[in-house]
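Here the structure is laid out as structure tokens; the discussion comes afterwards.
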Amino acid sequence: MRALAHIMKMKELEDLNAIALAAIGLFIFALGYRFYSKFVAEKIFRLDPNYVTPAHKYKDGVDFVPTNKFILWGHHFTSVAGAAPILGPAIAVYWGWLPAVLWVVLGTVFAAGVHDFGTLVLSVRNKGQSVGTLAHRLIGQRGKVLFLFIILILVLMVNAVFAWVIANLFISFPASVVPVFIQIPLAVWIGFAVYKKNIKMLVPSLIALAIMYGAAIFSSQYEFLQIDLVRYMGGEDAAGLFGLGAISTAFFIWIIVLMVYVYIASTLPVWKLLQPRDFINSHQLIVGLGILYLGLLFTNPEITAPMTNPGTDVSWFPLLFITIACGAISGFHGLVSSGTSSKQLDKETDARFVGYLGAIGEGVLALISIIAVITLFPDREAFLATYSSFAASSGSGLGSFILGASQLASGLMIPAAVASTIVSVIVVSFAATTLDTSVRLMRYIISELGVEYKIPALEKKHVATTIAVVASAALVLIPEGPNGFGSGGFLLWPLFGTANQLLAGISLLLVSIWLRKLGRNYMITIIPMIFLMFMTLWAMVQQVFLQWAWYAAAPNMLLFVFGAIIFVFALWIIITAIQVLVSKNNTGDLGDEKIE
Amino acid sequence: MPITDNLKRLIKWYEAVLEHPHKTEIARELRAEDDLFLLMLYSEMLGIPNPAYYYTLELYPYMIEEFHDWHLRMGMEKSPLSGIRCC
């Protein structure tokens with residue numbers, strides 16, 4: 001009501017306060033779910049409550065298990081929500097809060113929701129098969145290889161970017177190191193307690209969370225618990241190892257530590273470390289969202305960031321659409337939708353709740369991430385000083401989110417130092433789990449490519465993991481950022497966004513082809529697909545050929561090569577899309593299994 | 001008290017969300033063990049000598065029910081054994 005009263009009194013959009021902004025965003029999400037997803041479910045997908053879903057048809061008690069929609073939604077949401085919907089929006093507010101909010105809200109309603117929902121339904125109608133398998137069936141061997149390479153690039157980018165995120169946070173918030181490392185033995189303990197002793201997991205994982213946050217409180221208060229490598233070496237200006245500066249050395253050490261950790265973590269069985277970490281992370285997701293939204297209500301902060309930023313060095317159009325990938329639309333969700341959720345859907349009509357609302361959950365996280373940053377600064381000048389250029393925003397976006405979130409937490413009487421440690425622990429935990437999953441995924445893809453191209457050595461677990469880890473470490477260490485060697489990992493962020501959008505593009509294409517085959521209106525998926533592909537290609541041309549190429553102002557061969565590869569893949573997808581959609585008799589091999 | 005009831009339901013839902021992937025993983029591990037066990041039972045048919053083969057014959061009616069899913073999981077499209085023609 002307070003938000004409504006505020007909106008009624010406003011003369012200009014710039015007068016909007018943060019609660020009203022959140023309320024408007026949430027209201028549009030609600031409208032999207034209530035009306036648009038209903039329209040899509042009833043008129044386009046024509047969901048049938050009597051359809052025998054793969055969970056029933058192929059029920060095996062392991063992968064195919066009919067699951068209550070609320071539980072499945074919870075699982076789906078915790079699988080897709082991570083550090084990415086926080087980082088992207090925290091960078092994209094560089095162009096002002098309005099473009100970021102609009103893209104998050106409208107992207108979630110018209111693109112992400114339809115994408116996640118569509119891939120779920122498509123997979124349900126095709127024996128619960130994943131998007132990768134469906135691409136193979138539709139486009140043939142070419143489709144499979146295309147898909148594998150795009151995922152390979154995506155996970156490589158994820159590894160590099162998230163390793164950089166964690167190293168950066170460890171250097172900026174040294175108090176978060178101890179609680180983060182305490183999580184590892186605690187997770188192993190939970191894994192054993194639950195798996196071997198058959199203890200219920202809620203209580204042990206809550207105890208683990210309490211220990212972690214206890215450690216966070218102590219490490220925020222006592223300096224000796226803060227593992228500050230830069231301070232140990234004598235401060236920012238001191239010399240480190242191998243002739244590098246202190247910050248570069250700290251980056252180098254943290255990246256090596258992380259890579260050793262991730263090597264071990266990703267080769268362990270999932271129940272030993274990854275899954276128990278996920279239990280703790282589920283609590284952290286709730287704690288994080290709770291702190292942020294309640295903090296927002298209690299502090300009622302003013303938005304100090306500009307609505308639009310006229311003096312930017314890089315145009316928002318089209319870079320905004322790849323800077324915010326997760327939180328507006330993300331291809332990774334399609335992998336979850338079609339990989340696990342589709343095999344567990346009890347009724348086909350539940351797909352709307354699980355898929356569409358799962359995307360909205362991520363939009364809610366992205367929205368509060370924007371609000372945390374745009375309310376952090378005392379005034380517009382302070383915001384513009386930190387967000388002075390796109391590179392500066394990319395480097396400091398996440399740090400600003402953590403400080404903004406701790407400012408919101410102050411409304412809940414949590415001291416700022418403790419709050420910033422806890423929020424950075426939450427972000428690092430998400431990032432570390434993503435890193436673990438992503439290295440694991442990369443290992444599988446390398447093994448699969450080994451099978452495909454008959455290189456048996458690649459099929460071995462440790463060979464594939466070594467390649468994955470070394471490639472990721474090399475990628476994160478090469479770009480030089482403002483803090484020297486290894487600190488430029490954020491330069492890869494737009495490439496991560498691009499790879500993610502390409503994946504979403506393929507999934508939307510598959511759904512469109514399926515709808516076309518059924519004679520339904522496929523505009524709801526083809527329009528977001530064309531939009532995404534257009535923006536991605538445009539952004540790529542700008543960045544790869546006008547910015548990073550050897551003849552451009554700021555040449556960067558590494559980014560140029562990766563960008564060029566992604567650009568070729570994007571073109572490939574578009575050509576394939578046109579081919580498949582234009583040809584009259586090509587209905588692909590996508591099915592629509594009859595009701596039995 | 002409706003509030004306590006709602007809270008209890010919420011905690012129950014949350015616990016179920018947490019347990020969901022865990023149950024899958026446990027079931028997967030158990031199935032992997034079962035698959036290995038089945039392979040040992042069939043070892044004689046696959047040419048690996050098995051001294052307990054005579055006794056495992058008693059399990060035949062139970063094994064045959066699971067045989068089709070097993071050979072599919074093992075990456076064999078059709079039944080590898082001429083004695084069992086499930087597909």
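For this structure, a couple of remarks:
- Condition broken by A:Lys272, with the remaining ones in (1) of a type in the set (Lys, Arg); (2) in contact (Cβ under 8 Å) with a residue 60 or more places away in the chain; (3) in a helix (DSSP H, G or I) satisfied: (3)
- For beta carbons closer than 6 Å, sequence separation of 6+ or different chains, a first residue in the stretch A:191-208 that is free of Cβ contacts under 8 Å to residues at least 12 places away in the same chain and more than 16 Å from B:Ala16 (Cα to Cα) and a second that is among the β-branched types (Val, Ile, Thr) and in a loop (DSSP other than H, G, I, E, B), the qualifying pairs are A:Ala193/A:Ile199.
- Contact annotation: residue pairs with Cβ atoms under 6 Å, 6 or more positions apart or on different chains, pairing a residue in the stretch A:385-414 that is more than 16 Å from A:Ala100 (Cα to Cα) with a partner that is buried (at least 22 other Cβ atoms within 10 Å of the Cβ) and of a type in the set (Val, Ile, Thr), are A:Ile402/A:Val423; A:Gly404/A:Val373; A:Ala405/A:Val423; A:Ser406/A:Val423; A:Ala409/A:Ile291.
- When A:Ile211, A:Ile153, A:Ile166 are checked against the criterion of being among the aliphatic types (A, V, I, L, M), free of Cβ contacts under 8 Å to residues at least 40 places away in the same chain, in a helix (DSSP H, G or I) and more than 14 Å from every other protein chain (Cβ to nearest Cβ), a single residue qualifies: A:Ile211.
- Qualifying residue in the stretch B:59-71 (condition: at the interface with chain A (Cβ under 10 Å from one of its Cβ atoms), not in a loop (DSSP other than H, G, I, E, B) and not hydroxyl-bearing (Ser, Thr, Tyr)): yes
- In this structure, A:Phe181 qualifies as away from every other protein chain (no Cβ under 14 Å), under 30 Å from A:Phe490 (Cβ atoms) and without any contact (Cβ under 8 Å) to a residue 24 or more places away in the chain.
- Residues being over 18 Å from the mean Cα position of the chain (by Cα) and away from chain B (no Cβ under 14 Å) - total across the stretch A:260-304: 22
- Within the set A:Ile329, A:Ile256, A:Ile324, A:Ile247, the sole residue that is more than 14 Å from every other protein chain (Cβ to nearest Cβ) and surrounded by fewer than 23 Cβ atoms within 10 Å (Cβ to Cβ) turns out to be A:Ile256.
- If you go through the stretch B:24-44 and pick out every residue that is facing another protein chain (nearest Cβ under 8 Å) and under 27 Å from A:Val203 (Cα atoms), you end up with 6.
- Meets criteria (at pLDDT below 95, within 23 Å of A:Leu292 (Cα to Cα) and aliphatic (A, V, I, L, M)) for A:Ala30: no
- Matching residues, the stretch B:27-63, being exposed (fewer than 12 other Cβ atoms within 10 Å of the Cβ) and touching a Ser or Thr at 6+ places or on another chain (Cβ under 9 Å): B:Pro49
- Residue within the stretch A:80-96 that is under 30 Å from A:Ser400 (Cβ atoms) and within 14 Å of chain B (Cβ to nearest Cβ) present: yes
- Qualifying residues in the stretch B:1-23 (those that are within 11 Å of chain A (Cβ to nearest Cβ) and of a type in the set (A, V, I, L, M, F, W, C)) - the one farthest from A:Leu273 (Cα to Cα): B:Leu10
- Condition check for A:Leu72: among the aliphatic types (A, V, I, L, M) and away from every other protein chain (no Cβ under 14 Å): no
- Only listed residue being away from chain A (no Cβ under 11 Å) and under 17 Å from the mean Cα position of the chain (by Cα), chosen from B:Gly75, B:Gly83, B:Gly47: B:Gly75
- Test: residue in the stretch A:50-64 that is touching a residue at least 12 places away in the same chain (Cβ under 8 Å), within 14 Å of chain B (Cβ to nearest Cβ), out of contact with any Phe, Trp or Tyr (no Cβ under 8 Å at 6 or more places or on another chain) and not in a helix (DSSP H, G or I): yes
The values are calculated or read from the model by the stated rules, or taken from the named source; none is laboratory data. Keep in mind it's a predicted model, so treat the numbers as computed, not measured. Methodologically, a virtual Cβ is constructed for each residue, glycine included, from the backbone with ideal geometry; neighbour enumeration extends over all protein chains shown.
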